[in-house]
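Working notes for the structure below.
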Amino acid sequence: MDAVMTNLRISLIQGATIWHDPAGNREYYGDLIAPLHDTTDLVILPETFTSGFSNDAIGDAETVDGPSVAWMREQAAKIGAALTGSVQIREGEGVYNRLIFATPDGGLQMYDKRHLFRYAREHERYAAGRERLTVAWKGWRICPLVCYDLRFPVYSRNRFDVERAGGLDYDLLIYVANWPSARDHAWKTLLRARAMENLCFVAGLNRVGEDGNGIHYSGDSAVIDYLGHPISECQDMEVVSTTTLLGAELAAYRERFPAMLDGDRFTLA
């Protein structure tokens, strides 16, 4: 981490995604985002926020040049903040559960979900990503991941290299999700574990409501500090929650408790 680091304001948009309605969801989430103009640095939307988590939505997958990515760029410019969330994107012969990170200047970075949810047969319909993404934004290094990725600590690992500026891969780990309430204990527990083991802040953003398959989502979105303590937690309702992450406190903790110096070196394949 840089010696001098500003604070970062992040906003969780915990909404009730409309089943298989991209245009309706863009309007719905646009209304929730609009009041955040000039009040935040980063806005986080759920996984597959234009459709809900659905294997059947693959038939309506857009390209990167489609309306949903264009909408994300427009929203980022309007509110003066970065915007991230995932949508189904068709590229070549495959469709990816692709996280988009859009910035107000029109910049676009992308991450394809690596771990596909076998329990729901996601792996039979979608293509898996291969490369982890780290984004530099407002003096922070951010690693955005998608839902099921949360269960795989090796892939999420914050590696340390003494020769690299800042040393660690990232300062903030993000998970966007459609995580059913039936497994809410795992969601809450793993978010805290990822924060503690990686000496970082973690933001987990989940949806609420019931999807077209009758699956209920209780939200439980949260921002967790590097000690595993929740800074903010959302209940089972539509809510927009903004939290300020204190960069100096994170840097001071890493200085006091430099566990990363004893970590194992490895390469992600």
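Summarising the amide proton neighbourhood of Tyr175: residues at separation of 5 or more, or on other chains, whose placed amide H is nearer than 5 Å comprise Leu145, Ala203, Gly204, Leu205.
Measuring nothing but alpha carbons in the chain and taking Rh as the Kirkwood radius, the Rg to Rh ratio lands at 0.94.
Between Arg151 and Asp38, the C-beta separation translates, for a Förster distance of 35 Å, into a calculated FRET efficiency of about 0.45. Rounded, prolate or oblate: pick one for region 38-130, where a ≥ b ≥ c are the square roots of the eigenvalues of its C-alpha gyration tensor, a/c under 1.5 means rounded, and failing that, prolate if a/b is larger than b/c, else oblate. The shape class here is prolate. Across region 160-248, the relative contact order, built from alpha-carbon pairs under 8 Å that are at least six residues apart, equals 24 percent. Here the Karplus curve 6.51 cos²θ - 1.76 cosθ + 1.60, taken at θ = phi - 60°, turns the phi angles of region 257-269 into couplings of 10, x, 4, 4, 5, 9, x, 7, 8, 7, 10, 6, 9 Hz, with x standing for Gly and Pro. Within the listed set Arg132, Arg118, Arg90, the Gaussian network model of the chain (springs between alpha-carbon atoms below 10 Å) gives the highest mean-square fluctuation for Arg118.
The gain in end-to-end length when the Arg265 to Val64 segment is fully stretched comes to 68.9 nm, 0.36 nm per residue minus the alpha carbon separation.
Taking label positions 7 Å along the Cα-Cβ direction at both Ala165 and Ala186, the computed distance is 3.9 nm, reported to one decimal. In region 117-269, the alpha-carbon atoms span a convex hull of 127 Å³ per residue.
Summing charges over all other residues whose Cβ lies under 11 Å from the Cβ of Glu249, with Lys and Arg as +1 and Asp and Glu as -1, gives 0.
Using only side-chain charges placed at the Cβ, +1 for Lys and Arg and -1 for Asp and Glu, the dipole size of region 8-262 relative to its Cα centre rounds to 640 debye. Apply 1/(1 + (r/R0)^6) to the Cβ-Cβ distance of Arg121 and Tyr253, taking R0 = 45 Å, and write down the FRET efficiency to the nearest 0.05. Efficiency for this residue pair is about 0.65. Among Glu210, Glu124, Glu233, the largest mean-square fluctuation in a Gaussian network model of the chain, built with springs joining Cα atoms closer than 10 Å, belongs to Glu124. With each label modelled as a point 7 angstrom along the Cα→C-beta vector, the Lys138-Glu91 pair spans 2.7 nm. In the elastic network of the chain, a GNM with C-alpha springs shorter than 10 Å, the most mobile of Arg183, Arg141, Arg254 is Arg183. Just so you know, the Rg over Rh for region 95-195 is 0.98, from Cα atoms, with Rh as the Kirkwood radius.
Contact order for region 8-262, expressed relative to its length and based on alpha carbon pairs under 8 Å spaced 6+ residues apart, stands at 19 percent. Calculated mean residue ellipticity, 222 nm, the chain: -6500 deg cm²/dmol, from DSSP H runs (n ≥ 4) at -39500 (n - 2.57) each, averaged per residue and rounded to 500. Modelled this way, with points 7 Å down the Cα-to-C-beta line, the labels at Asp31 and Met196 are 4.1 nm from one another. Each principal axis of region 183-269 carries a Cα extent, and these read 47, 33, 20 Å when sorted largest first.
Any read-out appearing in this document is the output of simple, stated calculations on the displayed coordinates, not a laboratory observation. Because the structure is a prediction, the values reported are computed rather than measured. We place every Cβ from the backbone using ideal geometry, glycine too, and count neighbours over all the protein chains shown.
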